Amino acid sequence: MVTDKTQVAHTTMERPLLDMQGVSFGYRQHVLFYNVSLQVAAGEMVGLLGPNGSGKTTLLRLLSGVLQPQQGHILLEGRDLQQWGRRGAARRIAVVPQELHVPFAFTVEHMIGLGRTPFVHSFWGSRTKHDREIMRDAMVTTEVFELSERIFNELSGGERQRVMIAMALAQQPAILLLDEPTSHLDIKYQIETLELVQRLNRERKVAIIAAMHDLNLAARYFPRLLLFQRGVVADASPAEVLEPHLLSRVYGINVQVGVLRGAEHLSVLPPASKEPDNMTEKPPRPLVHIMAGGGSGELMMRALADAHIPFAAGALNIGDSDHTLALRLAEEVITERPYAPISPASVERVRASLARVALLILCPTPIGLGNVILLREALLARQRGLPVVLLTPPQANSACASNDEPPTANQTVQLLDSAARDYTGGEGMQLTKQLLQAGALVVDSIGEALVVARRYVPHSR
């Protein structure tokens, strides 16, 4: 997820221009993303990355006020976005869509005039001298003034894109949202469009949030990148977000990240390319599998990553804090939809992972009907000979510390069950007892778990 220093920078600013707080949204019964929080300061330039279907366009629609959160809040300048109303929000937030279909033969000047609509008190209201000055400034700034009498639908793709930005600029926004501003454009207009957006950000201090497909252009023009996959996976600088293992997991394809000769920017290339000077190696095979959830695996995952022990994690639901961190640190992440039980396909992936690794670590996560199947797979793996470690929660550690004698198997099960909150009617507790009877090892700390991991993974540092 976010690196600590970046997270502090974004959460400690006095008052963000745009503040998304614990937002969840979906269409009908399909949860698109869950508990998303992010902040954007005045004058920031943020590139929004993610594969198709990850929710980027929906996120922009929520930030513009077109859609409303099902849970959580979006604040614009400290005030709930819904309280601004459509007209009020449009005076602060402008949107440039991927494409704009105009059924009429509007001229460019007419199109730019539409940008002044939030400031006109009636549909038939006439443009004032002030409106016309702002329209002219928008056209001059975007270099479309000479096109003012041309029909919008007859322009080239790059020209239409500049006109749409000019129309947005006529709203005098504090925030400009762009949905794939370089899609369907040739390289000339891609560069011109992003140079224009960068200039608006630099000279007019307009905050920019742009959904991008081209990772190389995103790395070149956006100092802050937000990697999105139905939730915030990473939020930091290009060097931190464009990490090959992370991109490979999110996009589902191996890539290489390096610096091209003579260039100062990162480049993302297919794995067969040999151009970059500083290429990453093939990711190591996971040697440990972690079952966690609800934040119970955070410290364990960080400890394994610090010890350079490659691990797999899952199955984890999208939106779970452990899922977000695992995407950043794990070599393999088995992902399940938000709120959904573990699917047969995910179970097969878990089973395959357990057949390959040298050790399984079970963190003290709540056990419900949706994930009890993972405990069953853990028991089967242990019965086949896989070493299994049960990590006790802090409550169990403190209870054990008051007694010089180690807890009995039944006491350990009760401590584990008490902290893990068994919601299965007793099946979780029974499976835990069977794991202990099969020889699973109980450890009281992350450090002890790491000692065991090094025993089974001797080549780690």
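The values are calculated or read from the model by the stated rules, or taken from the named source; none is laboratory data. None of the values given here were measured: they were computed from a predicted structure. Positions of Cβ are generated from backbone atoms using ideal geometry, with glycine treated the same way; all protein chains shown enter the neighbour counts.
Here are the numbers:
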item	result
Matching helices (runs of 4 or more DSSP H) fully within segment 62-161 where at least 3 residues are in contact (Cβ under 8 Å) with a residue 24 or more places away in the chain, more than 24 Å from residue 205 (Cβ to Cβ) and of a type outside the set (S, T, N, Q)	108-114
Selected residue (criterion: nearest to residue 222 (Cα to Cα)) from residues of segment 179-201 that are touching a residue at least 60 places away in the same chain (Cβ under 8 Å) and surrounded by fewer than 19 Cβ atoms within 10 Å (Cβ to Cβ)	198
Check on residue 170, surrounded by 20 or more Cβ atoms within 10 Å (Cβ to Cβ) and either closer than 25 Å to residue 69 by Cα or basic (Lys, Arg) (or both)	no
Matching option when the condition is at pLDDT below 90, surrounded by 24 or more Cβ atoms within 10 Å (Cβ to Cβ) and either within 24 Å of residue 320 (Cβ to Cβ) or not assigned by TED's automatic domain parsing to the domain that holds residue 25 (or both), among 241, 232, 250	241
Unmet requirement for residue 32, which otherwise passes all of (1) surrounded by 15 or more Cβ atoms within 10 Å (Cβ to Cβ); (2) modelled with pLDDT of 85 or more	(2)
Residue match in segment 202-216 (condition: more than 20 Å from residue 64 (Cβ to Cβ), of a type in the set (Asp, Glu) and modelled with pLDDT of 90 or more)	yes
Index of the failed condition, residue 52 passing every other in (1) over 19 Å from residue 211 (Cα atoms); (2) out of contact with any strand residue (DSSP E or B) (no Cβ under 8 Å at 6 or more places or on another chain)	(1)
Filter result (aromatic (Phe, Trp, Tyr) and touching an Asp or Glu at 6+ places or on another chain (Cβ under 9 Å)) within segment 212-227	221
Evaluation of residue 425 against (1) crowded, with 17+ Cβ neighbours inside 10 Å; (2) modelled with pLDDT of 75 or more (one fails), failing number	(1)
Number of the exception - residue 208 against (1) buried (at least 20 other Cβ atoms within 10 Å of the Cβ); (2) of a type in the set (A, V, I, L, M, F, W, C); (3) not in a strand (DSSP E or B)	(3)
